[in-house]
Each structure stands twice: as C-alpha cells, then as structure tokens.
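Have a look at the structure below before the remarks.
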Amino acid sequence: MLSLSPDDTGAQACTDQGMYWVEIEDGRSMIHYWDLATGQATYLCASPNCQHTDDSCTAFATSTGFAPSIGVDEEHLYLFFIDYNDGQNEYPARIEVGNLDGGDRHTLYTFGSGQTMGAGVVSDGARLYLTRSTVSPEGAYSNELISLDVNTGELTTLYSANEGYLFVLGTDGDELWIKEITTDGIHKVSTYAPATGAWTPRTEYEQEQMVGYASGPWWFQLEPDGEQVTLTATDGTQEIHLPDCFPSVQGTAGIYVEGYYHDTLFVDSVTGVEEDSSLQVKMFAINCQTGQVVEFPFTDAVTGRPLQVVGAAGPEEDILILENNAYNGTTQTSWERTFYQAIPFDDCMAGTANFTNIN
C-alpha cells in the first residue's frame, strides 16, 4: 500500500525514479517530471513538436488558473481538482487518472454538488481511499470514508461520520490511519484494513488533551504543556521519549508533521510570544530508530523559516526534495517564484548545502 501523501495531497509527488509536480504558467497548470537518474526536468510530454499550450499535450492539466494536487502509485498518475466557479460556470471537484507518462488520462470520478474531497489520499494500486464531505442545500454536513476503483470509478462507502470530521492520516503497512473528530471534540484514532474490513481503535483523546499525528509506522503525540513528546510504534513495542525536542514556551502555537522519510520524522515546532504575537518556526528531524534529534539546518533567505520538506526520491528515500523561494528583494512581498531542490539525506542532516536545482 502506498500513501500518495501521508499528510496532505500537494503540488508534487515523489517516486523511486524522480518527482512529478504541477506548475502554473501563463494561466495554464502544467505537469512536469524530474528524472533522478539523469537530473533532467521536462514537461510530462513525449511529443517532440508539442507546444505545450492546450489539452492536446499530456502535460496540460487545466487552464482555470488553479493547479490541481497530484499523486502517483506504482502504475498510475492522479490529479485532484477542487470545485471551482469562474463567475459563469461551476466546475465540480473531480479526480483524473492516467499512466505515469501522462497518457490515457481521463476522469475517474466527479463529485456531486456540495461535495469536496479531503486532503489525505491513499492508493493500494487497485483502489483509492479518501474522505468525502457533503453539505446539503439546508446546511447539513456529513463526512464519509470512501474507496474508488481506479479502473472503473466504482465508489464504495466504508464509513460515515455523520456530522463529525474524518481525516486519512497515512498508512502503516496494509492499514490506513483514520482520525474522526466528533461533534463534542473527541479525537478517535483507528486503523482500517481494506483487505479484511477490520477497524482497530488506537487511541482517543479530547481536543485540548493532546496533539497527535500518524506518519509511517509511528504515532506521534505531544502533551499540552509541551514537556512530553512521545514516538510510539503502532504495534506498541517501541517508544522514544523526546522531552527536550519541543520545549514548553508561553504561547505555543502547535506542532506540524511535514513527513516521514528515510526512517526520519520531520516536524515543525511553531511557538509564539504573547507580548508581540510573533511566531518562531523551527523544524526537527527525528531519527525514529535511534531517537536522535537534529534541528533542520536550511532556512528561507527572507523569512528565516525552515525550508519545507515535500518528499523524498530514490529507492531508499535518500534524496530529500525541498521547497524553496526566490525573491528580488529582502521582504516577503518581493517573492518571485517557488522552486524545488534535491539534496542527499546525509548531506542535509550534516548541514552540507549540496543542492541540485530541479526547476
């Protein structure tokens, strides 16, 4: 089973061989591919004379100006479109599927009126697993865990949270991590095995009691006072306590898991100072085998915040993909574009700036 993105579907997707991403160019959303072996980045198009300007090109995604999210599994490429209204026409949310070379792309599923898809999506190669939210004309809200056959688009409803919220957190082997937030603020975390249909409760906590995330084979939790951080293997056989990783700071805003790559969990710690409402962001790389914690060494040139780790390429996930920003000045308003960089995992952890620019 492969999680397209453990925490959120985004503008890029990594594989053993490289990375796919979507970029807006002159109002058109275009699919690009970077080959790890050759270091070359190209449009996802094999036609030598293609101008890459319309839907005759396999790299063309849409001209609405909104870039879809992208995901891949071992055989398929997926595009996830949000619902969109241009003032004249309404375009419902939809999912497209095609080959990894961009060919044979077609609509797999179109959402109904008032329906949207959740952020986390998982594929086992035969079916997609995701959440679907529905708001009725009367304002009633419901949330379901659904699966879609990647060949036929056949939909199966696996669970309904009624008025609660559902999130696909990621995968652990052949199971999905699912979180439900009930209307009274209870967070219920379970795993679901598609092969058997079995649900296994994992943990339950109140809204203000704990912050928890699932990523890879680890459950990550932070107590509200910021003094106790625990990494727990999902089978309960191993725990790593990290009491100094996220110190208790007045006005702590939260923690956010960026991803789990190469047996390492990348976690943002966001803290604030009440007096001036400023925010400070640090990112820590936590080796889940040894418990070693390293503060992420690379930061944005203007904001000073850690560069975002958006994926990892290579069979061993040993090439990290970072998102960086280019500016023409010294303020955030001087932002020009976002670009991606690749760096060997060991170099990144050592603070050695051995970057390869992708785009």
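The values are calculated or read from the model by the stated rules, or taken from the named source; none is laboratory data. All figures in this text were calculated on a predicted structure; none of them were measured in a lab. Every residue, glycine as well, gets a Cβ built from its backbone with ideal geometry; the counts of neighbours run over all protein chains shown. Ligands, DNA and RNA are stripped out before the accessible areas are found, and what is left, the full protein with its side chains, is counted by its heavy atoms. Shrake-Rupley method; radii C 1.70, N 1.55, O 1.52, S 1.80 Å.
Whether any residue in segment 188-209 is aliphatic (A, V, I, L, M), crowded, with 16+ Cβ neighbours inside 10 Å and in contact with a Lys or Arg (Cβ under 7 Å, 6 or more places away or on another chain) is what I want to check.
Yes, segment 188-209 contains at least one residue that is aliphatic (A, V, I, L, M), crowded, with 16+ Cβ neighbours inside 10 Å and in contact with a Lys or Arg (Cβ under 7 Å, 6 or more places away or on another chain).
Could you list all residues from segment 72-98 that are part of a loop (DSSP other than H, G, I, E, B) and open to solvent by less than 20 Å² (accessible area, probe 1.4 Å)?
Result: 73, 93.
Which residues, taken from segment 286-306, are at pLDDT 90 or above, surrounded by 14 or more Cβ atoms within 10 Å (Cβ to Cβ) and among the aliphatic types (A, V, I, L, M)?
Once the filter is applied, which keeps residues that are at pLDDT 90 or above, surrounded by 14 or more Cβ atoms within 10 Å (Cβ to Cβ) and among the aliphatic types (A, V, I, L, M), segment 286-306 yields only 302.
From the set of residues in segment 54-71 that are closer than 12 Å to residue 10 by Cα and of a type in the set (A, V, I, L, M, F, W, C), which is least open to solvent (accessible area, probe 1.4 Å)?
The qualifying residue least open to solvent (accessible area, probe 1.4 Å) is 70.
Could you tell me whether any residue of segment 143-166 is closer than 30 Å to residue 61 by Cα, outside any strand (DSSP E or B), modelled with pLDDT of 90 or more and in contact with a His (Cβ under 7 Å, 6 or more places away or on another chain)?
Yes: one or more hits.
Could you say whether any residue in segment 34-46 is out of contact with any strand residue (DSSP E or B) (no Cβ under 8 Å at 6 or more places or on another chain) and surrounded by 12 or more Cβ atoms within 10 Å (Cβ to Cβ)?
yes
Which one of these does residue 108 not meet: (1) more than 24 Å from residue 60 (Cα to Cα); (2) among the hydrophobic types (A, V, I, L, M, F, W, C); (3) modelled with pLDDT of 90 or more?
(1)
Does residue 130 meet the test of being of a type outside the set (Asp, Glu), over 18 Å from the mean Cα position of the chain (by Cα), assigned to a strand (DSSP E or B) and at pLDDT 90 or above?
No; evaluated as a whole, the condition is false for this residue.
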